[in-house]
Every structure is written in C-alpha cells, then in structure tokens.
1. Anything in the stretch 65-86 that is farther than 12 Å from ILE103 by Cβ, open to solvent by less than 90 Å² (accessible area, probe 1.4 Å) and at pLDDT below 85? List them, or say none.
2. Out of the residues in the stretch 98-107 that are in contact (Cβ under 8 Å) with a residue 40 or more places away in the chain and touching a strand residue (DSSP E or B) at 6+ places or on another chain (Cβ under 9 Å), which is most open to solvent (accessible area, probe 1.4 Å)?
3. May I ask you to list the residues in the stretch 117-136 that are surrounded by 13 or more Cβ atoms within 10 Å (Cβ to Cβ) and within 28 Å of GLY205 (Cβ to Cβ)?
4. Could you list, in sequence order, all residues of the stretch 86-120 that are aromatic (Phe, Trp, Tyr) and within 41 Å of the chain's Cα centre (by Cα)?
5. Can you name the strands (runs of 3 or more DSSP E) wholly within the stretch 64-132 that have at least 2 residues being of a type in the set (Asp, Glu)?
6. Is it the case that VAL155 is outside any strand (DSSP E or B), of a type outside the set (Phe, Trp, Tyr), open to solvent by less than 50 Å² (accessible area, probe 1.4 Å) and in contact (Cβ under 8 Å) with a residue 12 or more places away in the chain?
7. Could you look through the stretch 168-204, keep only residues that are of a type in the set (A, V, I, L, M) and in contact with a helix residue (DSSP H, G or I) (Cβ under 7 Å, 6 or more places away or on another chain), and pick out the one that is most open to solvent (accessible area, probe 1.4 Å)?
Amino acid sequence: MAPTMQAPPPIKAPPEQGGSTRRPETGASGSSMYTHVAEDDGNGEGSTCGRVLILLSWLLVIVTMPFSLLVCFKVVQEYERAVIFRLGRLMQGGAKGPGIFFILPCIDAYARVDLRTRTYDVPPQEVLTKDSVTVSVDAVVYYRVSNATVSIANVENAHHSTRLLAQTTLRNTMGTRHLHEILSERMTISGTMQSSLDEATDAWGIKVERVEIKDVRLPIQLQRAMAAEAEAAREARAKVIAAEGEQKASRALREASEVIGDSPAALTLRYLQTLNTISAEKNSTIVFPIPIDLFKSMIPNNQAPIKHPDMSL
C-alpha cells in the first residue's frame, strides 16, 4: 500500500513592512487562497517539483561559491523595498529591505519599489463646466507607494494607472462645477480630488498626498468679455464716487455762501485772499474786479431805473 502524501498546512503571511497586513482572498465557498494551493498540490507533484528545484538551486550556489554570492546577495536603499517571487509566488515575510537580502538563482525574481514621493504634472485638460463654458485646467499630483507588495501584485503598473486616474478625476471634478466656483474655490476642489484619488488608489498600494490646481485657462472671447465687464464696473464705481464728491462739495459751497452772505466783512476778506493768491503767480496781466458795492454811493436813490429801448411801455 503506497504511503499517502499529506498537503502542507496553509501558511499565514506576516504583516507587510508598510503597516498593512496581507489577508488571504476568500471565494464563495469561504476557502482561502492557501486552501486552493493545497488542492492544486494535493497529488504532491507541485510541492515535490518545487522542493527539487530549490534543492538544485542550493547545490548550484554551493558548487559555484564564492562567485555565486555575487548573484545571491542584493542590496536595496533606505527608500526602496524588494518584492521577491519564488517560483512565481510571493515569498513569506512581505517586502524585503532596506539593506541586504538573499535570493536563490534561477528560481527567485525580485522587483524594486521606490517609496519616495513622486510628482505628476497633469497635462491641460479641456473641460466643459456645468454652465457650459469650455476651460483648460492643469494640475499637479503628489503621491507615493505605501505598500510595495500590493503595488506589484495587484496592478500591472501602479504609477501609470495613478496618472491616468488623475486625468479622468480632474475632468470629472471640473465638469460638476460652475466657472465662478473653479476660479474661486481651488482649495476645495483640490481637497475633493485628493480624497477621491486616495480612495481609488488604496487598492493599488498608492497614497495620494496632495493635489494642486495649477492654472485655469479661459477662451480668448471670454477673457475679453470679462475684461470689458470689469472695466465697466470700475467706470461705474468711479462715476458714483465722483457724483458723491460733487454732492458733498456743493453742500459745502452752499454753507460757505450762507456764512459769507451774512457777513460783508467775510466777503471782503475772501476777495483780498483771492487777490493775494493771484499775485503770487507769475502773471503778466492781472484783472482786478471792482465790487459793485463801491458804486452804490454814487447812484441816487430817487433816480428812475434805466429802461432798455426795446422794452415796451
């Protein structure tokens, strides 16, 4: 009776070095991905073949030492992580690094993941606003990889996918706003885009840190119309201010005339002051007006008024 080979027990993946825990995927029957692995290797062929390849790889390393050490030992920087695949499967322990790590030749493959913040300059997007105005909007997105293992295993190219999603999110967000909101509420729109992008890219191991609206370009005709409207508003305000100034000046002149009319001496002082101001300038000719009050003493009170010849009797 041939001995039966038992399937290896399921292995729990340790937490990722970025703070998240890798959870097994469950199907409709409730079995995890590791249960499916056990079912695939239930006959022992897959596990046996893998063990044989690992053994041969170790023998190759031992035979070719010390030259094999140049191939087996790898170093990643402080801002990098290495995601290792052994025979096409993710190795236990999550991403490696920073520092030195060991791989087996021929059966191990690894991918370097940069954890530093990247900047993506979103190209100008032609957007039709909610009030049917076509504008060109560009933005800048700051993002980084928060989970190296997920960014490699869950999406083919996390950076390219994030950039395409940033363009579509910019168009969708601007399409639901009026023009005056786009021009005056940039911080609110940036916050909305950042939240939407961060939620969508979380499954890819990407963290969107910040989104900034760079520029909003309006059509030439709309710019001219807005400039003409602003100029008309400025002219209207200037006319209102000038009218208010004339009104205040006329009130002041009326009050001054009333004061001067009540006091003939004040009128004489004002006359002398005016002569002093005129004489201070370099004028070749100065006209001195004679007050009519000087001729009152020369005109008799009982003299009949002089009538114009054209006036009828």
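1. PRO66
2. Here the answer is ILE107.
3. Those that are surrounded by 13 or more Cβ atoms within 10 Å (Cβ to Cβ) and within 28 Å of GLY205 (Cβ to Cβ): THR117, ARG118, TYR120, VAL122, GLN125.
4. PHE101, TYR110, TYR120
5. In the stretch 64-132, the matching strands (runs of 3 or more DSSP E) lie at 108-114, 118-128.
6. When the stated conditions are applied, VAL155 passes them.
7. ALA200
Listed here are the residues, each with its yes/no results for (1) of a type in the set (Phe, Trp, Tyr); (2) at pLDDT below 80; (3) exposed (fewer than 10 other Cβ atoms within 10 Å of the Cβ).
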{"position": "ALA242", "(1), (2), (3)": "no, no, no"}
{"position": "GLY245", "(1), (2), (3)": "no, no, no"}
{"position": "LYS248", "(1), (2), (3)": "no, no, no"}
{"position": "LEU253", "(1), (2), (3)": "no, no, no"}
{"position": "ALA256", "(1), (2), (3)": "no, yes, no"}
{"position": "GLY261", "(1), (2), (3)": "no, yes, no"}
{"position": "LEU267", "(1), (2), (3)": "no, yes, no"}
{"position": "TYR271", "(1), (2), (3)": "yes, yes, no"}
{"position": "LEU275", "(1), (2), (3)": "no, yes, no"}
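The values are calculated or read from the model by the stated rules, or taken from the named source; none is laboratory data. None of these values were measured; they are calculated from a predicted model. Cβ sites come from the backbone with ideal geometry, for glycine too, and all protein chains shown count toward neighbours. Surface accessibility is based on the protein's heavy atoms, side chains included, excluding ligands, DNA and RNA. Shrake-Rupley method; radii C 1.70, N 1.55, O 1.52, S 1.80 Å.
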